[in-house]
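The values are calculated or read from the model by the stated rules, or taken from the named source; none is laboratory data. Note that this is a predicted model, so its numbers are computed, not measured. Cβ placement follows ideal geometry from the backbone for every residue including glycine, while neighbour counts extend to all protein chains displayed. In case anyone asks, the SASA skips ligands and DNA or RNA and just uses the protein heavy atoms, side chains included. Shrake-Rupley method; radii C 1.70, N 1.55, O 1.52, S 1.80 Å.
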Amino acid sequence: MGLSNTLFLPLAKKFIAGETLSDAIEVCRSRNSAGISGMINILGEHTSDEEKIKSYVSEYLLILKQIKKENIDSSISVKPSQLGIDLGLDYCKNNLIKLLTEASKHDNFVWVDMEDSPYTDDTISLFLDVKKEFSNMGLCVQAYLKRTEDDLNQLLSSNSQVRLCKGAYNESDDIVYKKNKTVVNNFEILIHNLFNQGNDFAIATHDDKLIDLSINLHKSTNVPFEFQMLLGVRDKKKSELISQGHKVTEYIPYGKEWLPYSIRRLNERKRNIFLLARAFIP
């Protein structure tokens with residue numbers, strides 16, 4: 001990680017709070033002072049190492065305690081592959097229930113991230129199963145997946161709370177829409193479905209067209225929702241939305257396993273790759 005730290009960490013710090021929980025708490029406190037809620041996530045994914053899974057679960061339990069202790073306005077967002085979904089749904093379910101139980105004690109909320117497509121069916125199945133016992137949870141769905149309209153209809157029919165995002169994994173064009181225009185078109189369809197059928201959901205986007213659509217649909221339907229955005233992206237827009245009376249939540253990741261996440265963010269924002277290249281030019 002030595003070379004990666006030297007080359008990428010300065011740019012990665014735009015998108016991550018740091019490597020420790022105290023870093024995330026301090027960033028979240030700062031964002032709260034600007035009227036922005038937090039959603040803390042530990043970086044890392046795709047493990048079947050039981051000791052590592054236990055450490056993720058313990059850390060998330062600690063985050064929930066610290067949020068309460070420090071009087072921070074923040075939920076948590078977890079990846080099923082951090083909680084052991086590769087070791088089976090029951091194993092992952094038990095870990096997720098531990099987090100939801102702790103969150104319930106503190107009147108807090110757990111978002112379940114959606115990962116790459118091999119996990120989609122199991123993640124939805126896990127979510128709908130656990131939702132029978134817990135109401136303080138929501139699930140992310142991805143607009144670039146061709147299947148998401150059907151998934152969203154299923155989730156809304158079970159009165160699920162949903163976060164709609166674009167999606168950032170490198171997937172086959174059999175599975176996802178590849179062209180940005182097509183993804184945005186599908187995102188628009190899904191936003192309409194949310195305002196027609198949903199309630200208290202999250203629109204996770206930085207796209208002005210999708211933001212404006214959401215605002216206009218909210219005006220005509222009065223359905224409650226919030227915007228969710230990434231740390232380090234469109235801070236001016238976040239402030240503008242707050243000033244207009246909209247709720248904005250910021251995804252605040254932290255941890256030592258920051259490289260895969262940061263690369264996805266850099267791929268989404270080509271300007272940052274240009275800035276990285278400039279660092280090598282005298």
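Looking at region 136-156, can you tell me whether even one residue there is at pLDDT 95 or above, under 15 Å from L96 (Cα atoms) and either part of a loop (DSSP other than H, G, I, E, B) or open to solvent by 10 Å² or more (accessible area, probe 1.4 Å) (or both)?
Within region 136-156 (the criterion being at pLDDT 95 or above, under 15 Å from L96 (Cα atoms) and either part of a loop (DSSP other than H, G, I, E, B) or open to solvent by 10 Å² or more (accessible area, probe 1.4 Å) (or both)), the answer is yes, since at least one residue qualifies.
Based on this model, can you work out whether N186 counts as surrounded by fewer than 13 Cβ atoms within 10 Å (Cβ to Cβ), modelled with pLDDT of 95 or more, of a type in the set (S, T, N, Q) and over 14 Å from D113 (Cα atoms)?
Against the criterion (surrounded by fewer than 13 Cβ atoms within 10 Å (Cβ to Cβ), modelled with pLDDT of 95 or more, of a type in the set (S, T, N, Q) and over 14 Å from D113 (Cα atoms)), N186 does not qualify.
Which of the residues belonging to region 157-183 are open to solvent by less than 40 Å² (accessible area, probe 1.4 Å) and among the charged types (D, E, K, R)?
R163, E171 - these are the residues of region 157-183 that are open to solvent by less than 40 Å² (accessible area, probe 1.4 Å) and among the charged types (D, E, K, R).
Considering only residues that are among the β-branched types (V, I, T) and under 20 Å from L155 (Cα atoms), which ones fall in region 184-204?
I189, I191, I203, listed by residue number.
Is at least one residue of region 57-70 closer than 22 Å to D200 by Cα, out of contact with any Ser or Thr (no Cβ under 8 Å at 6 or more places or on another chain), assigned to a loop (DSSP other than H, G, I, E, B) and open to solvent by 40 Å² or more (accessible area, probe 1.4 Å)?
Checked against the condition, which is being closer than 22 Å to D200 by Cα, out of contact with any Ser or Thr (no Cβ under 8 Å at 6 or more places or on another chain), assigned to a loop (DSSP other than H, G, I, E, B) and open to solvent by 40 Å² or more (accessible area, probe 1.4 Å), region 57-70 yields no hits at all.
Limited to region 22-56, what total is found for residues that are free of Cβ contacts under 8 Å to residues at least 12 places away in the same chain and either open to solvent by less than 20 Å² (accessible area, probe 1.4 Å) or assigned to a helix (DSSP H, G or I) (or both)?
8
If you scan region 101-119, which residues turn out to be within 18 Å of S160 (Cβ to Cβ) and out of contact with any strand residue (DSSP E or B) (no Cβ under 7 Å at 6 or more places or on another chain)?
Selection gives S104, E115, Y119.
Quick check on my filter: what residues within region 114-164 are of a type outside the set (S, T, N, Q) and more than 26 Å from L87 (Cβ to Cβ)?
Correct list: A143, Y144, K146, E149, D150, L152, L156, V162, L164.
So E19 clears everything in (1) touching a residue at least 40 places away in the same chain (Cβ under 8 Å); (2) under 11 Å from I252 (Cα atoms) except one condition, right? Which one?
(2)
How many residues does region 208-230 hold that are open to solvent by 50 Å² or more (accessible area, probe 1.4 Å), over 14 Å from F195 (Cβ atoms) and either of a type in the set (D, E) or in contact (Cβ under 8 Å) with a residue 60 or more places away in the chain (or both)? Talk me through it step by step, then tell me what you get.
Residues of region 208-230 open to solvent by 50 Å² or more (accessible area, probe 1.4 Å): 208-209, 212, 216, 219-222, 224.
So of that shortlist, the ones also over 14 Å from F195 (Cβ atoms) come out as 208-209.
Subset that is either of a type in the set (D, E) or in contact (Cβ under 8 Å) with a residue 60 or more places away in the chain (or both): 208.
Residues that pass the stated criteria total 1.
(1) farther than 28 Å from I36 by Cα; (2) in a helix (DSSP H, G or I): which one isn't true of A103, the others all being true?
(1) is the only condition that A103 fails.
Would you mention how many residues in region 94-110 are open to solvent by 10 Å² or more (accessible area, probe 1.4 Å) and either hydrophobic (A, V, I, L, M, F, W, C) or under 15 Å from Y56 (Cβ atoms) (or both)?
Going through region 94-110 one residue at a time, the tally reaches 6.
Given (1) open to solvent by less than 30 Å² (accessible area, probe 1.4 Å); (2) outside any helix (DSSP H, G or I); (3) free of Cβ contacts under 8 Å to residues at least 60 places away in the same chain; (4) among the small types (G, A, S), where does S81 come up short, assuming only one miss?
Every condition holds for S81 apart from (2).
Against the definition (touching a Gly at 6+ places or on another chain (Cβ under 9 Å) and assigned to a helix (DSSP H, G or I)), how does I252 come out, yes or no?
No, not satisfied.
Given the conditions (1) at pLDDT 95 or above; (2) within 20 Å of the chain's Cα centre (by Cα); (3) open to solvent by 10 Å² or more (accessible area, probe 1.4 Å), and given that D90 satisfies all but one, which numbered condition is not satisfied?
All conditions pass for D90, except number (2).
Quick one: in region 114-135, of everything that is of a type in the set (A, V, I, L, M) and part of a helix (DSSP H, G or I), which residue is surrounded by the most Cβ atoms within 10 Å (Cβ to Cβ)?
L126
Using the structure shown, decide if I191 is among the hydrophobic types (A, V, I, L, M, F, W, C), surrounded by 20 or more Cβ atoms within 10 Å (Cβ to Cβ) and assigned to a strand (DSSP E or B).
no
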